[in-house]
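A short worksheet on the structure shown next.
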Amino acid sequence: MIQAYCRIVILLSLCFPLLASAQQTTTLHGKIRSTSDEVISGAHIKINKQSEISISDINGNYSLSVPIDKTFTLVITHVSYKPFSKDLNISKEDLTSYNPILEPKSERLREITVNSKELIRQKNIAIDTKQLDQVPVSSNGTVEQIIKTLPGVSSNNELSSQYSVRGGNFDENLVYIDGVEIHRPTLVRSGQQEGLSIINSDLVSSVQFSSGGFDAKYGDKLSSVLDVKYKKPSEFAGSVNASLLGGSAHLENISKNRKLSYLTGFRYKSNRYLLNSLDTKGNYQPVYTDFQTLINYQLNQKISIHFWGSISKNQYNFQPENRTTSFGTISDALQLKVFFEGEEKDEYHTDIEAITLKYRPNLNSIIRFTASRNNTKEVENFDILGQYFLSDLFISQGGRTNESIQNLGIGTFIDHARNKLKKEEFELKFRGDHQIGKLFLQWGIKGKSEQVNDRINEWQYQDSAGYAIPYSKSKVELSYTRNANNHVDSKHLSSFTQASWIFNNRKAQYQVTVGLRYHYWDYNQMNFLSPRASIYFIPDWRNKVKFRISAGLYQQVPSYREMLKIDGKISDKIQFQKSVHYVLGQEYIFKAWNRPFKFTSELYYKDLRSITPYDIENLRIRYYGDLKSKGYAAGLDLRINGEFVPGTESWASLSLMRTQENIPGDNKGYIPRPTDERINFTMFFQDYLPNNPSYKMHLSLVYGGKLPVWSPKTGKNGDNFRMPNYRRIDLGFSKILIGENQKSRSTILRKVKSMWLSLEIFNVLDINNTVSYLWIKDISGNQYAIPNYLTSRKLNLKLSAKF
């Protein structure tokens, strides 16, 4: 009997460790996604130093046995994403769900060649955000600086973050930050007034751009879409930047239970250093500040809340003193001298708040509810008196000096403005994404309310040798006046549905996407439907080639600016602008020098069935809201990108384009649109010293064709000509002070992950690029177009650190 008890005790003592071990493990499961919120299949998940491996399925789901109350390292690897590792400690009370976010590798092209499924899913151009902070930027947006080097994109103003795409204007581009649509300011009329771009590059995790033929899930604009996603913090990190143009800082962190995370950034910038190189001398006082924060909270396994807030304040104060501009040719050399009195004071305030509730009913669906508010206040005040002298220089008569031999025009002009605009928008938006087998279904519905109150009061007086222009014996005439008091209160209702199928056969892989948008605007009681479709397919060839065919109807609801006539009053003939896109494209991926490259080409035609004519004065778009026209834009975009230097991505883009319009009743037929830039070539190149990679170089080159210019305030009936080509090279050199191979011995800098010093050279060739014209008349009615030049060569020193 005693022996039997002993056997039982021994047996239990042997089994107890096994039972205890079984009770000290649990199953960890979740879904693996990328920073662009796409599911990742085929990822390898394991606990460090253990042989057991789990592989995520087609929907990104995984499960793995992990210890309880014991710290372990979760390791995730994938051929297309950076290795991921995280120390975790799960207690019995904790949730056993964890959803990692993987970052794409910088060597995108190499991954695409081995993963055709990622190739076919990637519809838009993806921008590598790894080195955004090392790009030389003289304008107000790092992301936009990169966008301007892409095919089909044009910008002839380095002081602005605005750009035109395939013959469209600045108002035709969609911009999203974490699903919230961003609108550009209304009153801004020049690049120096614009201030900071809304996109904070320190907070960005992914950038995707489409120059046409985009999906129905995006909004109702005619030209392009820029889709920006902000980071989802996984650990404590931050950065600090300081330069002669301003500074920025950001922080990010996540709580120990990984439920609460925050991302916040502050920016300060002043373009005074750059503006002092303009022809107009004076006291420039531009101050641009911006604060943004993103807070995420995971309520439980299925529900999370996200808040994004942005506060920006741009102030532009200017007291001009004098201006000297030389222009013309050697045989007809002219010079304008202007002496100023007065000042300009502009302020632009923008507040954006958006809260999103995400609900995951299962692993294959996600539903989002977003409520957002956008409040804008813009004030523009100036009274500037200018006394000018337009002279013919002695050099034009064969002399060797810049002495004046004849005064062609002497006079005075006064510019006056008291403009004030308030705009407030509220949005409620529902959106759902569902994976049903090989079908990916997306839908959304949005309601928007907008209120605009605008007071316009601006005029110009011109006097030449004692005579007002235009001349009148009975009274003083103003050469230009714009006066209105407008109020707009309207509601929008829009929705979309979109379905994508990915399938393959023996000869090719296919992705078919069809979608439909609906929009109703109560201001003019009109609605429309916009069908869109695209087909992507990859033939089973030795070299990876992707072909794309897309077509769709794109309609644009008039913004407040588009509703105005040239006199500032609201038009009573408001209509939707309509354009049909036809796009045929291909991507060819190959290797050269044993490194990956990609050649992309797109042939497109935009049938502009109903559009609103306009003129561009620097950045201000003057719409003729009482006119309608039809037109077209056709062109070819080419781009090659890859590792011209091992480990760094560079590219070159060439765009050939023509866009024209026909205004019924003007008897002129088809005339060039203001964005009719026939050729555009851009290049972005990166390099480093082979024996010392800590020394790097970034080069940005832009060559833009001649844009058409129309005589001001005369509509399309006046004369037109083309301004000179835009040519610019920006160059940046950087030295890594602290990095993986350069560690600091200082106690203070021990926690700094990386630090580098940059020297930026703007406008290396010191070319006088023309952005617009100042128009001067004499009493005989002769009109002179005096070019307004952009910035000259400048140096900028910048120190950056990440921790």
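Data overview
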{"quantity": "Where PHE340 falls short, out of the listed (1) of a type in the set (A, V, I, L, M, F, W, C); (2) modelled with pLDDT of 95 or more; (3) surrounded by 15 or more Cβ atoms within 10 Å (Cβ to Cβ)", "calculated": "(2)"}
{"quantity": "Among (1) charged (D, E, K, R); (2) at pLDDT 90 or above; (3) surrounded by fewer than 17 Cβ atoms within 10 Å (Cβ to Cβ) - the single one LYS438 does not satisfy", "calculated": "(2)"}
{"quantity": "Inter-residue pairs, beta-carbon under 6 Å, first over 21 Å from LYS606 (Cα atoms) and in segment 148-167, second part of a loop (DSSP other than H, G, I, E, B) and not polar (S, T, N, Q), 6+ apart", "calculated": "SER160/LEU619; SER161/GLY141"}
{"quantity": "Only listed residue being out of contact with any Gly (no Cβ under 7 Å at 6 or more places or on another chain), in the same structural domain as LEU222 (by TED's automatic domain parsing) and closer than 26 Å to GLN783 by Cβ, chosen from ILE640, ILE621", "calculated": "ILE621"}
{"quantity": "Subset of segment 763-803 (residues that are of a type in the set (A, V, I, L, M), more than 16 Å from VAL137 (Cα to Cα) and outside any loop (DSSP other than H, G, I, E, B))", "calculated": "VAL771, LEU774, ILE776, ALA785, ILE786, ALA801"}
{"quantity": "Qualifying residue in segment 590-604 (condition: in the same structural domain as GLY167 (by TED's automatic domain parsing), closer than 27 Å to GLY219 by Cα, surrounded by fewer than 16 Cβ atoms within 10 Å (Cβ to Cβ) and not polar (S, T, N, Q))", "calculated": "yes"}
{"quantity": "Any hit, segment 642-658, residues being part of a loop (DSSP other than H, G, I, E, B), over 21 Å from the mean Cα position of the chain (by Cα), of a type outside the set (S, T, N, Q) and closer than 27 Å to ALA785 by Cβ", "calculated": "no"}
{"quantity": "Flag for GLY647 being surrounded by fewer than 16 Cβ atoms within 10 Å (Cβ to Cβ), out of contact with any strand residue (DSSP E or B) (no Cβ under 6 Å at 6 or more places or on another chain), within 30 Å of SER754 (Cβ to Cβ) and in the same structural domain as ILE729 (by TED's automatic domain parsing)", "calculated": "yes"}
{"quantity": "Qualifying residues in segment 82-110 (those that are under 30 Å from LYS591 (Cβ atoms) and at pLDDT below 80) - the one farthest from the chain's Cα centre (by Cα)", "calculated": "ARG110"}
{"quantity": "Qualifying residues in segment 580-596 (those that are part of a strand (DSSP E or B) and over 16 Å from TYR536 (Cβ atoms)) - the one modelled with the highest pLDDT", "calculated": "VAL580"}
{"quantity": "Options LYS221, LYS281, LYS232, LYS217: the member that is assigned by TED's automatic domain parsing to the domain that holds TYR605 and modelled with pLDDT under 90", "calculated": "LYS232"}
{"quantity": "Scan of segment 482-532 for residues that are aromatic (Phe, Trp, Tyr) and over 30 Å from ARG622 (Cα atoms), ordered by number", "calculated": "PHE496, TRP501, PHE503, TYR510"}
{"quantity": "Test: residue in segment 459-478 that is at pLDDT 85 or above and either of a type in the set (Lys, Arg) or under 29 Å from GLY219 (Cα atoms) (or both)", "calculated": "no"}
{"quantity": "Any hit, segment 632-640, residues being at pLDDT below 90, of a type in the set (Gly, Ala, Ser) and touching a strand residue (DSSP E or B) at 6+ places or on another chain (Cβ under 6 Å)", "calculated": "no"}
{"quantity": "Residue ID - surrounded by the most Cβ atoms within 10 Å (Cβ to Cβ), chosen from residues in segment 150-164 that are closer than 23 Å to SER190 by Cβ and over 12 Å from the mean Cα position of the chain (by Cα)", "calculated": "ASN156"}
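The rows are residues; the columns are (1) within 27 Å of TYR604 (Cβ to Cβ); (2) free of Cβ contacts under 8 Å to residues at least 24 places away in the same chain.
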site: GLN660; (1), (2): yes, no
site: MET683; (1), (2): yes, no
site: LEU689; (1), (2): no, yes
site: MET697; (1), (2): no, no
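The values are calculated or read from the model by the stated rules, or taken from the named source; none is laboratory data. Since the structure is predicted, the reported quantities are computational estimates derived from the model, not experimental observations. Neighbour counts are summed over all protein chains in view; Cβ atoms, including those assigned to glycine, are modelled from backbone coordinates with ideal geometry.
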